[in-house]
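The values are calculated or read from the model by the stated rules, or taken from the named source; none is laboratory data. Remember, it's a predicted structure, so these values are computed and weren't measured experimentally. Neighbour counts run over all protein chains shown; Cβ positions are idealised from the backbone, glycine included. Just so you know, the surface numbers come from the protein's heavy atoms only, side chains and all, with ligands and any DNA or RNA stripped out. Shrake-Rupley method; radii C 1.70, N 1.55, O 1.52, S 1.80 Å.
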Amino acid sequence: MIKTGDCVVCESSTHLFKHGKYLCNSCDLFFRRSMEPWSFFGDCKHSWDCYKVSGTRKKFPKCRHCRFNKCVDVGLLTVSRYTKFADLIKYLFCLDANREHTFLNFSISSDFDTNNFLDEKPTRFIKKTHDLTFDCHGWAIMNKLSAIEKLRSLDFPKYLSSKDLKYFFKGAYFLEAMLTMAMRCYFCKEDLMHFPHGVDLFPVSVQEAGKIKLNFLNLIRCQLVGKFIELKITREEIIMISAIAFSNPAVPDLSFTGQNLLSCYQKLYTSSLLQYCLTKYQQNGPARFCNLVAVLNVATQTYENILKYLSLYQYFHPDKQPCKFYQSFQRQLD
Ligand SMILES: [Zn+2]
Ligand SMILES: [Zn+2]
């Protein structure tokens with residue numbers, strides 16, 4: 001006789017046993033298909049608990065949000081979601097290549113609305129014309145927007161509520177933008193962060209005025225790239241570090257469901273990086289892993305220094321603030 005049990009997700013009776021648990025065919029298919037880049041589909045129409053009531057044998061509502069969160073909850077999220085580590089890396093590389101392409105070649109259209117670039121709809125970019133040159137604020141906007149676009153195209157944000165999606169973007173965009181900028185400079189064999197075409201991170205007037213110490217500006221420019229150089233970090237490692245950073249569940253205001261989802265993804269990325277280190281560096285793997293995780297501290301320090309710089313800038317140069325557009329763009333992210 002074939003043994004049957006309750007599907008761990010929808011509780012319907014099944015004889016299929018996968019990943020060490022009873023999992024019905026329909027839930028298995030659902031979870032595998034949830035990788036596909038569906039567009040966003042609104043919030044849960046109940047109170048995010050469609051799949052929580054158990055043992056009542058009632059049919060669960062058709063809610064993709066809650067079904068997906070339940071799948072993650074019961075432990076279906078493993079690296080096998082991407083078949084193997086090489087596929088996970090390929091997947092993240094592909095998203096990052098799109099981000100870099102957008103960052104370097106595109107600009108925002110004239111109808112860009114600073115009020116809604118953090119919602120579900122993707123931002124519409126337009127190809128940059130040859131005569132368009134960016135100053136540091138123009139590049140900063142594209143740096144942040146292309147990072148947000150990469151985060152939006154990941155497989156899990158579509159299962160966050162629209163509120164959580166905003167909190168997720170706000171919590172993750174800066175480190176993502178900074179790590180990828182440092183990565184580009186590092187692979188161009190440079191020892192400091194700057195925007196493309198030699199555009200400095202800071203307005204020329206700031207350096208000329210000399211009110212903010214040059215040492216401090218240099219620390220911001222060099223600390224993160226310096227760490228990359230010291231570790232001779234690989235592209236795979238930076239991409240995994242960035243994934244661990246953007247899936248950080250300690251985001252202000254994020255709901256419990258949102259925190260849980262992010263933390264499952266962060267565990268997946270962290271254990272994948274550890275596995276990568278053990279395979280590549282053998283007995284030095286654990287030490288390498290610790291050194292890589294320390295990159296996150298350096299990134300956070302640089303982020304804090306940038307915040308410090310911004311308050312100094314406001315204090316010393318109240319007359320030279322960026323344009324209104326930049327200010328209202330940045331206000332959405334603060
Ligand atoms: Zn099921
Ligand atoms: Zn629901």
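Observations on the model:
- Pairs are defined by a Cβ separation below 6 Å, a sequence spacing of at least 6 or placement on different chains, a first member in segment 1-23 that is without any contact (Cβ under 8 Å) to a residue 40 or more places away in the chain, and a second member that is within 16 Å of ligand 2 (Cβ to nearest atom) and open to solvent by less than 40 Å² (accessible area, probe 1.4 Å); the pairs so defined are C7/C27.
- Hey, C264 over 21 Å from Y313 (Cα atoms) and modelled with pLDDT of 95 or more or not: no
- Entry remark, segment 68-120: residues being within 30 Å of G198 (Cα to Cα) and in contact with a Gly (Cβ under 9 Å, 6 or more places away or on another chain) number 1 in total.
- Residues in segment 82-104 that are open to solvent by 30 Å² or more (accessible area, probe 1.4 Å), charged (D, E, K, R) and assigned to a helix (DSSP H, G or I): 3 in all.
- Within segment 54-72, considering residues that are open to solvent by 60 Å² or more (accessible area, probe 1.4 Å) and either within 13 Å of ligand 1 (Cβ to nearest atom) or part of a loop (DSSP other than H, G, I, E, B) (or both), the one modelled with the lowest pLDDT: R57
- Residues of segment 226-257 classified as open to solvent by 10 Å² or more (accessible area, probe 1.4 Å), aromatic (F, W, Y) and either at pLDDT 95 or above or not assigned by TED's automatic domain parsing to the domain that holds M178 (or both), total: 0
- Segment 122-213 holds helices (runs of 4 or more DSSP H) entirely within its bounds, and those carrying 1 or more residues that are out of contact with any strand residue (DSSP E or B) (no Cβ under 6 Å at 6 or more places or on another chain) and under 22 Å from Y91 (Cβ atoms) map to 136-152, 162-187.
- Sole exception among (1) part of a helix (DSSP H, G or I); (2) touching a helix residue (DSSP H, G or I) at 6+ places or on another chain (Cβ under 9 Å); (3) of a type in the set (G, A, S) for S263, by number: (2)
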